[in-house]
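Single-structure report; data block below.
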Amino acid sequence: MSSEESLKKSQEQPNNNVDAAGVELKHRSTPKEGWGDAKSDRRKKVVGALKAAWPHVKLFIILVIYSMFGAVGFWLIEYPHETALVANFTEARTQLLKDMWNVSQVFTGGDWTEEMTILVERYEHTILAAYDGGIDPRGVTGGQAELQWDVAGSLFFSVTVFTTIGYGHQTPATVAGRVFCIFYAIFGIPILLLTLADIGELLARGLRYIAATVNSKLRPNMMESRKDDVPLYGIFIVVFLVMSLGALVMMQMEDWTFEQAFYFIFVTFSTIGFGDLVPRHKMYSLAASLYFLLGMALISTSFSLSQDEVGRLLKKWGDLKASCKKRVCPCCANRVGSELEVGGDDPGVSGQDKTKLVTRKTQIGLPIGIMRGDALSEDRKEDRFH
């Protein structure tokens, strides 16, 4: 091929590596093989995880919105009444001082005593009305007081209503507030129970997964159907650790001792709510509301798992008592006892069989049969204890 033909061919085929001005373009690397598929799989996994978590998150969001709705309702109803009580108490205290001065200037002797008694009794009624409205007269200074039905206090009370804790230190003082509290609890308690059941199910799955992992490593010969059973001591350890962690935090928040904080957390988790210890800092307690919900779900889950474990132990005990009454070894389903008791006058049992039964009894005793899973009979799987 001549040089002229080569030049003509090169002019006919454009060079894709340069632009119109003749500047060389950077080579764009092609995507690696499989990279797009891996990214798509990762995106699918994330979307799948979000879809799986959405029902659980949705219940929690509904509970949070319902808590805010209750806080707004109680604040609109109870806050004006509480501020009015503080104003009335402040005015009554000021008026008492003026009346006492006037009585002292006008009356003497028995008349002074009678007038002062009337003033004191009137002031006592004002104090009782303030207490009934949730106002502590000792905290009213200069017409100002720490109100319970502000936004934070109303939100804290709404949480204590549908959680059925009910510390008792804060209650509605108006008829409208009490009616609203009734309907608020009627719809709020079922929402909480659904949320606690959902959280409890997740916690139970986590505990069973941990138990299965530990048993697979430490007890590989354990039956597969029993590897995910959570032992009682494991449940108690988890509950104690969670409560102890919360108690350490509450010690710093409320300036309590460890005993007081642990006692308060147990009373809260179990929804007993005596009210003898109540958080003073409402914002801290609101921040701990998620922890309270988690603790209540954990207590409920631990009770459920404990009931299953106790029921299993009681079944074992019942099987053991029934085996003892029938003189049947629960580990091998054979008759136990002396040679006379085993064979007796039964013509179907020969002397050699009697010897085997008695020998088996001495080799595999009753306690060993309960503790050893490998000594159990394959034909009677319902008698397995492990």
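Please treat every number below as a calculation from the coordinates, not as lab data. In this text the structure is predicted, and so the values were computed from the model without any measurement. Don't worry about glycine lacking a Cβ; one is built from the backbone with ideal geometry, like all the others, and counts go over all protein chains shown.
Overview of results
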{"item": "Residue exposure sequence - THR160, THR108, THR126, THR83 - by fewest surrounding Cβ within 10 Å", "result": "THR108, THR83, THR126, THR160"}
{"item": "Shape category assigned to the stretch 159-288 from the gyration tensor of Cα positions, a/c cut at 1.5", "result": "oblate"}
{"item": "Members of LYS58/LYS282; LYS44/LYS217; LYS227/LYS315; LYS227/LYS321 lying beyond 29 Å, as alpha-carbon distances in this model show", "result": "LYS44/LYS217"}
{"item": "From phi via Karplus (6.51, -1.76, 1.60), per-residue ³J(HN,Hα) for the stretch 146-156 in Hz, x at Gly/Pro", "result": "7, 7, 8, 9, 6, 4, 5, x, 5, 5, 5"}
{"item": "Value of relative contact order over the stretch 53-303, rounded to a whole percent, pairs C-alpha under 8 Å and six or more apart", "result": "23 percent"}
{"item": "Lys/Arg +1, Asp/Glu -1 at C-beta; the stretch 185-306 dipole; positive extreme among MET296, LEU232, HIS281", "result": "LEU232"}
{"item": "Likely footprinting exposure, ARG280, ARG208, fewest C-beta neighbours within 10 Å first", "result": "ARG280, ARG208"}
{"item": "Exposure proxy ranking, count of Cβ atoms within 10 Å, fewest first, for TRP317, TRP75", "result": "TRP317, TRP75"}
